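Right, one structure below, let's go through it.
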Amino acid sequence: MASAASSDYYCMTFDEPEEMDDVTLSSSATSKRPSDVSLDEAVRGAHKQTQLLAQQNMDLNDKLTRQSEELAEARAQLRGYSGPLGLGEQELCRGLSPAKSMLSSITTMDSDVVDGFGGGGGDFRRSRRSRPTNIDPPISSSASSSGQSSVYHSLNTSLASQWHWSHVSTPTTGKVSTPSSNRQFVYPPNVNTFYSLRDAVGTLLSQLAQNTSDEEIIRLEAFDKGSVTHSGFLEVYNVPEFARIIVCELKPSLARLLTKNLPAYLLLAAFRNHDEKRDETALTGLFSSVHLVLKDTISRSHDLDLLSLWLVNLWRLFNLLRQYSGEDKQPEWHVANTETQNSYRFKAYDVAPIRDQLKLRIEECYSSLMKKAIEHVFSPKIVPGILQHESSSDLMTAGQDKRDRGGVDSQRKSLDDLLQFMDLVHTKLKTYGGDDVVVKQVIGQMANWMCALALNHMMFRRELCNFEKAIQIKHNVTEIQNWLNGKGLPDCRENLEPLVQACHLLQSRKDASNMDTLCGEMTSRLKPRQVVAILQHYDPSDEMEDGLSPEFLIQIQKKLNERAIANGDPIEDKDTLIMMGTYLPPFNTHPFSYSDFPLETLSLPSCLHMQSVCRLV
């Protein structure tokens, strides 16, 4: 063996591409310059490198197994779900052909992955140049037999299809040549499969999220756990990581596929677990960690989806801490509870301080949603949609040239744009689990902004204060009110009533005989100065109608002041002219919202990878 070592040296090379023939491979191998490393040191280095790669290979196999299981679970739910929409696999994938083809490719990839689990080599490339069998590994006289067997056993079992021992004759030296720097590393097959599978799953999920509207969402339900039950307690091992996952990792595109208000229910379950153990430090520490991450997220975000998601969840958690509190001061909080829900109430601690902090976050999130995400998009649509939109333009532009109708077409679409944005906000709130209290306050405030901005323009623009324009504005406002009725928000119609009364004022007969009507119930939602301002800017429609005299306006002003005194209106209302515009009052947290969600059915979605930071008890 020593003489063989003196005349031969061995080089460890990477797997060559299939296109290389034996001549090219031989010339490439013989061109290597032998290193100065001794045979014993090279064997020990190869042993360490082989063990490291074998361990990495095992880790990647485990990771790939987990990814395959998660993919199989998601694919089974996508194929087998037939929820409220009644969609099967064909209907679900209709219009999503790229996503469906991606799903098929992943199915094929799974079979390749399974083939690769048997040994260490797999069959990913389907045709692989095998290691030469007639070459014996070099033997060192100083290396132990156990060390030799472990080195070459690893080579022959774990990495046999990726590494090759090449025998190269030389008459002068017995050295081991290391791979040259121009060799290109070829990843093992299961490494390539893992990254391909990961990229394919990410592409599939992004395509599904982009091509699915909020109205067409099919929520993924947890599998039936059979006899596995829990008591609605959540034990958290790693509080910082739990806070990061539940706030930062739960993206809106993922949250709308899961149980509505899932973060609120998870936090309630975690709070109840610490209350059951009477661990006040852990309870306050958990809330503080989540509170800090959430406060930073809300203050930085301008995203409509993210702010809607957390406004809905904070409001739900605020009400859950009232519904399951141990307080008896507010019986309406517990009157609808079942026996099971009453048994889940907090027993050791008063959670009122936590509710106080949540109230501040709700107000901040509501303000950010309205001012950062809605106002700058919604406000520019109000005047074109209500004051400038003309529904009769379809008939008027029927015979016009296409170039001449461009400006009119934009006006005709302005009301549609306004309603579409309102529908978008309403749909997102409902998608993330918003109840009637949240929806009414958000949509109602948008109605307030519409009325204020439109009325402020009407009081100072003469071209808007005429009979014909009043008819058109009233029609546009009626369209918005019909939309509110269709969404189950009839109470929000009242927010537009001052604008409706302004239109009625412009359409009414304006003389002394009709003064009681002008100053009566028809203008009850308008301030005295607002009525006078609209009449001052009134533009008669034809030459037969005279303008309003100053004496008539003075009589109107006097009668309106008398009405205000008789109704007990505040003194400052007498001089109020401008409406508040985009003024935003705080979120009203006084209404109570009951939840019938059974906490014992709560489950941890595998897509959030929370199994290592918490568990249901």
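The values are calculated or read from the model by the stated rules, or taken from the named source; none is laboratory data. Here the structure is a predicted model, which is why all the values come from computation and not from measurement. Counting neighbours? That spans all protein chains shown, and the Cβs are built from the backbone with ideal geometry, glycine included.
Matching residues to (1) free of Cβ contacts under 8 Å to residues at least 24 places away in the same chain; (2) surrounded by fewer than 16 Cβ atoms within 10 Å (Cβ to Cβ); (3) not in a helix (DSSP H, G or I):
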residue	(1), (2), (3)
SER288	yes, yes, no
HIS291	no, no, no
LEU294	no, no, no
SER299	no, yes, no
LEU307	no, no, no
TRP310	no, no, no
Of residues in segment 312-356 being outside any loop (DSSP other than H, G, I, E, B) and over 19 Å from PHE271 (Cβ atoms), the one modelled with the lowest pLDDT: PRO331
message: Being surrounded by fewer than 17 Cβ atoms within 10 Å (Cβ to Cβ), at pLDDT below 95 and not in a helix (DSSP H, G or I) is the requirement here; does LYS402 meet it?
response: yes
- prompt: Going through segment 526-545 one residue at a time, which ones are within 22 Å of GLU468 (Cα to Cα) and either outside any loop (DSSP other than H, G, I, E, B) or free of Cβ contacts under 8 Å to residues at least 40 places away in the same chain (or both)?
  reply: LEU526, GLN530, VAL531, VAL532, ALA533, ILE534, LEU535, GLN536, ASP542, GLU543, MET544, GLU545
- prompt: Which residues, counting only those in segment 546-583, are not in a helix (DSSP H, G or I) and not small (Gly, Ala, Ser)?
  reply: ASP546, LEU548, ASP569, PRO570, THR576, LEU577, ILE578, MET579, MET580, THR582, TYR583
- prompt: Here is a list of conditions, (1) within 37 Å of the chain's Cα centre (by Cα); (2) assigned to a loop (DSSP other than H, G, I, E, B); (3) at pLDDT below 95, and HIS590 meets all of them except one; can you say which number that is?
  reply: (3)
- prompt: Does ALA452 meet the test of being within 22 Å of GLU572 (Cα to Cα), surrounded by 15 or more Cβ atoms within 10 Å (Cβ to Cβ) and small (Gly, Ala, Ser)?
  reply: yes
message: Looking at segment 476-492, can you tell me whether even one residue there is within 25 Å of GLN557 (Cα to Cα), in contact (Cβ under 8 Å) with a residue 40 or more places away in the chain, in contact with a Ser or Thr (Cβ under 9 Å, 6 or more places away or on another chain) and assigned to a helix (DSSP H, G or I)?
response: no
- prompt: Is it the case that segment 465-473 has a residue that's part of a helix (DSSP H, G or I), under 43 Å from the mean Cα position of the chain (by Cα) and of a type in the set (Asp, Glu)?
  reply: no
- prompt: Between a first residue in segment 464-475 that is more than 15 Å from GLU545 (Cβ to Cβ) and a second residue that is among the β-branched types (Val, Ile, Thr) and assigned to a helix (DSSP H, G or I), which pairs have beta carbons less than 8 Å apart while being 6 or more apart in sequence or on different chains?
  reply: LEU464/ILE473; ILE473/ILE386; LYS474/VAL500
query: Being surrounded by fewer than 22 Cβ atoms within 10 Å (Cβ to Cβ) and part of a loop (DSSP other than H, G, I, E, B), is that true of even one residue in segment 434-446?
result: yes
